[in-house]
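See structure below.
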Amino acid sequence: MHKELLTKLGVLLSVLLFGGKLYVGIRTGSTAVISDALNSLLDVFSYTAIYLSVRLQEKAPDANHHFGHRRAEPVAGFIIAIFAAILGATIIKEAGFGFFNAHPVNLNALAIFVMGIAIVTKMVMAFAYWMTWSKSHSLAMHASFVDSCNDMLASLVALVGLILGSSWDDIAGILIGGWVLFSGTRVGLENIGYLMGKVPDDLMMDRIRQRTMETPGVSGFNDLRAHFVGDRIHVEVHIEVDDSLSLRDAHDVSMAVRYRLQDFDEINRAFIHIDPVTVCQNHRRELR
């Protein structure tokens, strides 16, 4: 399913779940359900930000953004993390106060139905996000998948607290707030890495080294550097080529390395620098 359509559905579903949970929470007096409703309110802002970032990220490079707009999704993820941290802390505070002030919880069939619908719909959305993420490797889809799993768990905890009632309802609210705070912090730290240009993992670096050395005409390389620009990688590598090659032939080797590296879905740009070196006579025959 297309990323834009999924994020639109995410916004719509979050609005509906927020309204339903808030109504049920007020009718039952459940701290846990109201906390979960606030979690869905956060999702309204989150999925709106993700939707806008997905649209912006797909824009082609322009005069003001020569390498495109690939940082849009990590920026959205970081903003979502800030909102999540504030919301999580607020939920914990309110549920904590409620824990020391006994209040009745009025369980009814409508409340169980609404929370059950919330759990099932989030399960379906999580599967859809996972399928899209596995194909596109989109940070937005991965964040949405994790968020949907968190929402499903939060609604389940809220439902248990609602059914058990009494102080268990407030404990469930505290658990939901803690989970929102934890997941928001985790997403924030992950996206800071993409915004700061973190280095790809060792497996990706090894794949870059291997593909560089497999290119005909490359006798070695040095000064390999790579970093994330948004959700894609930029690579800079100095390749060593036979100093007896003509300028055109050396350039062709560098372009071959560039195209081979950019064949990786994860790599957006490869910048190749040529270092001429003296190659032994036998190796020269092999290159020719």
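The values are calculated or read from the model by the stated rules, or taken from the named source; none is laboratory data. All figures in this text were calculated on a predicted structure; none of them were measured in a lab. Cβ sites come from the backbone with ideal geometry, for glycine too, and all protein chains shown count toward neighbours.
Overview of results
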| item | result |
| --- | --- |
| Search result, residues across the range 194-222 that are touching a residue at least 24 places away in the same chain (Cβ under 8 Å) and surrounded by fewer than 13 Cβ atoms within 10 Å (Cβ to Cβ) | Glu214, Pro216, Asn222 |
| The listed residue being in the same structural domain as Gly88 (by TED's automatic domain parsing) and of a type in the set (S, T, N, Q), out of Ser183, Ser246 | Ser183 |
| The range 26-70 - residue that is among the charged types (D, E, K, R) and modelled with pLDDT under 80 and, of those, surrounded by the most Cβ atoms within 10 Å (Cβ to Cβ) | Arg70 |
| Any hit, the range 180-202, residues being out of contact with any Ser or Thr (no Cβ under 6 Å at 6 or more places or on another chain), at pLDDT 90 or above and part of a helix (DSSP H, G or I) | yes |
| Cβ pairs under 7 Å, 6+ apart, first in the range 14-36 and closer than 15 Å to Leu110 by Cβ, second of a type in the set (A, V, I, L, M) and not in a helix (DSSP H, G or I) | Thr28/Val105; Thr28/Leu107; Gly29/Val105; Ser30/Val105 |
| Candidates Gly184, Gly193, Gly220, Gly197 - the one that is of a type in the set (Gly, Ala, Ser) and more than 26 Å from His234 (Cα to Cα) | Gly184 |
